[in-house]
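These notes are about the structure you will find just below.
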Amino acid sequence: MQTFFLNLHRGSDPGRFIACCNVQGELEGVEPVNRTFSSESELIAALTGNGINPIRYKSTLEAVRSGSDSSFEINLNEAQKLDILRIDSTE
């Protein structure tokens with residue numbers, strides 16, 4: 001069984017946020033992808049626009065604002081909609 005996490009950290013430019021998918025479990029058939037957001041508001045718009053409740057990411061975002069990397073669990077559909085995970089359709 002696979003478990004997916006959205007990992008967030010700050011980019012080298014202070015306003016940027018980097019999102020990537022961490023997959024625990026079987027990695028065959030999935031490809032994690034990094035995605036850069038130019039601002040916190042762009043990141044929040046992507047999260048809420050894909051149906052992720054702010055309660056789920058609030059503490060993660062607070063940690064990232066403070067300079068720490070942080071993550072929270074997401075599902076496969078959310079990871080795909082956020083464009084941080086690709087599925088190998090040849091399998």
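A short reminder: the numbers here are calculations on the coordinates, not readings from a lab. From a predicted model like this one, the values you see are computed outputs, not experimental measurements. Glycine gets a Cβ as well: all are built from the backbone with ideal geometry, and neighbour counts include every protein chain shown.
As an exercise: evaluate residue 77 against (1) under 13 Å from residue 5 (Cα atoms); (2) without any contact (Cβ under 8 Å) to a residue 40 or more places away in the chain; (3) in contact with a strand residue (DSSP E or B) (Cβ under 7 Å, 6 or more places away or on another chain) and give the number of the one condition it does not meet.
Residue 77 satisfies every listed condition except (3).
Going residue by residue through segment 7-16, is there one that turns out to be surrounded by fewer than 17 Cβ atoms within 10 Å (Cβ to Cβ), touching a strand residue (DSSP E or B) at 6+ places or on another chain (Cβ under 9 Å), part of a helix (DSSP H, G or I) and not small (Gly, Ala, Ser)?
no
Can you find a residue that is part of a strand (DSSP E or B) and either in contact (Cβ under 8 Å) with a residue 60 or more places away in the chain or more than 15 Å from residue 4 (Cα to Cα) (or both) anywhere in segment 57-69? Step through it out loud before you land on a result.
From segment 57-69, those part of a strand (DSSP E or B) are none; that's our starting set.
Taking every residue of segment 57-69 in turn, none turns out to be part of a strand (DSSP E or B) and either in contact (Cβ under 8 Å) with a residue 60 or more places away in the chain or more than 15 Å from residue 4 (Cα to Cα) (or both).
I'd like to verify a number: residues in segment 29-43 that are outside any loop (DSSP other than H, G, I, E, B), among the hydrophobic types (A, V, I, L, M, F, W, C) and either closer than 15 Å to residue 74 by Cβ or in contact with an Asp or Glu (Cβ under 7 Å, 6 or more places away or on another chain) (or both), how many?
Within segment 29-43, the first condition is being outside any loop (DSSP other than H, G, I, E, B), and the residues that meet it are 30-32, 35-37, 40-43.
Keeping just the survivors that are among the hydrophobic types (A, V, I, L, M, F, W, C) gives 30, 37, 43.
Imposing the further condition that a residue be either closer than 15 Å to residue 74 by Cβ or in contact with an Asp or Glu (Cβ under 7 Å, 6 or more places away or on another chain) (or both) reduces the set to 30, 43.
So the answer is 2.
Which pairs turn up if I take residues in segment 21-32 that are touching a residue at least 40 places away in the same chain (Cβ under 8 Å) and look for partners that are buried (at least 16 other Cβ atoms within 10 Å of the Cβ) and in a loop (DSSP other than H, G, I, E, B) with beta carbon separation below 9 Å, at least 6 apart in sequence or on another chain?
21/82; 21/84; 32/84
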